[in-house]
Amino acid sequence: MSGKQNWIAARGAPLRGELGIPGDKSVSHRAVMFAALADGVSEIDGFLEGEDTRATAKVFAQLGVKIGTPSPSRRIVHGVGVDGLQAPSGPLDCGNAGTGMRLLAGLLAAQKFDSVLVGDESLSKRPMRRVSAPLAEMGAKIDTEEGGLPPLRIHGGRRLHGIDFVSPVASAQVKSAVLLAGLYADGATSVREPHPTRDYTERMLSAFGVDIEFSPGYAKLRGGQRLRATDIAVPADFSSAAFFLVAARIVPGSELRLRAVGLNPRRTGLLAALRLMGADIREENASSHGGEPVADLVVRHAPLRGIEVPVELVPDMIDEFPALFVAAACAEGPPVVRGAAELRVKESDRLATMATGLRALGLRVDETPDGATIFPGTLRGGRVDSHGDHRIAMSFAVAAQVAEGEVEIGDVANVATSFPDFDGLARRAGFSLRAG
């Protein structure tokens, strides 16, 4: 990506029609990884053509995996088996993808060769000791920069052993890294979490033939298993759909259908929170794609009431909090968020960045270490900085659709990491949004 890019957003038209949301980023990352480790050829349909997921595919190409692209959003992966990865000739660049780096750390810790994982400026500031510490308990050797930051220098040729890991943080990425290392470890590996997190890894490993036991907050597998090739249909990304769910809810006269959205129960905390706030959202045409539940979501404009967001929903909506903050800003009565300290170690400090941005648009926001109280009011025009965080940028594009003046959103280039052509799709739906 070259230079910083800005958007100018303003009050738009009612959102109408049907939208096809790009494929789920979390599922796309894992589909490429597990297909690469499988015995045989797998086809992935609905692969997210984002910079993060392409970075993961490129990493596996560097590791000796042949990946074909017959058409956009399709990948043909020629798996090399769990023991077939080859030593890379240079560092492996994960771009902006925390999912890619953390899961790869678990996988590469078990290989015979050394490897180095690097990322962009944003990823290089994100904590990796939460992954390197449990992997070290399993026998891995991973060097980090001061403070546990990337790059990760992974020493190969280590014999790993299974552990019963009680995670101090509710993180699907940490859980997944430990489970992937566990595939190569002697004995069984289990993970217990303080709160249940997304179970994409468990569901997809099972789809690839791995014998894995899992329930909310717990997963266990034994080492030495192989994966068999399977075809994966990637559902539409719920985190990407979230921006349009909130936009159609807050823009008067709107009614949108979002097609075939992934509704993993560990992902849909925002859906539950919006419904508690009074949102009108229907699920239609329910089915299953690759072990993941999907349905069309039909959302209409409706007034929202302020609530204290139930803390048990927080782990299931950690990526959707920026969108929730926008919905909260348009509610009747001040919504309260607690238990979201994890937001401070995402691509940006999302609590502080959203609070600062909403204040710049004229609202009062009282921060706490793990949350905030948002006092609804009239959003005015102004300038906000996304600090390179794609979800922050898209959230303020939504907020601007009900603002009284133009909103300039700074540093939006990273939107391409998770939602390519968000601005084009948004304009087609009714947004007023242009390059600044």
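For segment 15-164, take the convex hull of the Cα atoms, compute a quarter of its surface area, and give me that in nm², please.
For segment 15-164, averaging the hull's shadow over all directions gives 10.7 nm².
What is the gain in length, in nm to one decimal, between R275 and R228 on full extension, counting 0.36 nm per residue of separation less the C-alpha to C-alpha distance?
On the way: separation 47, 0.36 × 47 = 16.92 nm, distance 3.97 nm.
The R275-R228 span can extend by a further 13.0 nm.
Each label point is 7 Å from the Cα along the Cα-to-Cβ direction; what then is the distance between the points at H155 and E284, in nm?
The two pseudo-label positions are separated by 5.9 nm.
Counting C-alpha atoms alone, how compact is segment 205-363: give Rg to one decimal and Dmax as a whole number, in angstrom.
Here Rg and the maximum Cα pair distance are 17.8, 57 Å.
Let a ≥ b ≥ c be the square roots of the eigenvalues of the Cα gyration tensor of segment 344-401; is it rounded (a/c under 1.5), or, if not, prolate (a/b larger than b/c) or oblate?
Oblate is the answer for segment 344-401, as a/c is 1.5 or above yet b/c matches or exceeds a/b.
Explain nothing, just the number: relative contact order of segment 112-178, from Cα pairs under 8 Å at least 6 residues apart, as a whole percent.
38 percent
Which value, to two decimals, describes the C-alpha radius of gyration of segment 99-224 once divided by 2.2 N^0.38 Å?
Rg over 2.2 N^0.38 Å, computed on Cα atoms: 0.98.
Report the gain in length on full extension from D143 to R300: 0.36 nm times residue separation, minus Cα-Cα distance, nm rounded to one decimal.
Numbers: separation 157, 0.36 × 157 = 56.52 nm, distance 5.01 nm.
Gain on extension, D143 to R300, equals 51.5 nm.
How would you order 356-368, 268-280, 29-41 from highest to lowest mean count of nearby Cβ atoms within 10 Å?
Details: 356-368: 17.9, 268-280: 20.4, 29-41: 24.3.
Packing proxy ranking, top to bottom: 29-41, 268-280, 356-368.
Which whole-number percent is the relative contact order of segment 25-233 (Cα, under 8 Å, 6+ apart)? Show your work: numbers first, answer last.
Working: 499 pairs, mean separation 43.7, N = 209.
Once normalised by length, the contact order is 21 percent.
Once the Cβ-Cβ distance between A10 and I67 is put in as r, and R0 is 30 Å, what FRET efficiency do you end up with, to the nearest 0.05?
Working: r = 41 Å, r/R0 = 1.37.
Rounded to the nearest 0.05, the efficiency is 0.15.
All other residues with a Cβ under 14 Å from the Cβ of A177 taken together, and with Lys, Arg as +1 and Asp, Glu as -1, what is their net charge?
+4
So for the chain, averaging the separation of alpha carbon pairs under 8 Å that are six or more residues apart and normalising by length, what relative contact order in percent results?
So the answer I get is 20 percent.
Relative to 2.2 N^0.38 Å, what does the C-alpha radius of gyration of the chain come to as a ratio? Two decimals please.
This ratio for the chain stands at 0.95.
Each reported figure results from applying straightforward, stated rules to the coordinates on display, with no laboratory input. What you see is a predicted model, and the numbers here were worked out from it, not measured in a lab. Cβ coordinates were reconstructed from backbone atoms using ideal geometry, including for glycine residues, and neighbour counts include every protein chain displayed.
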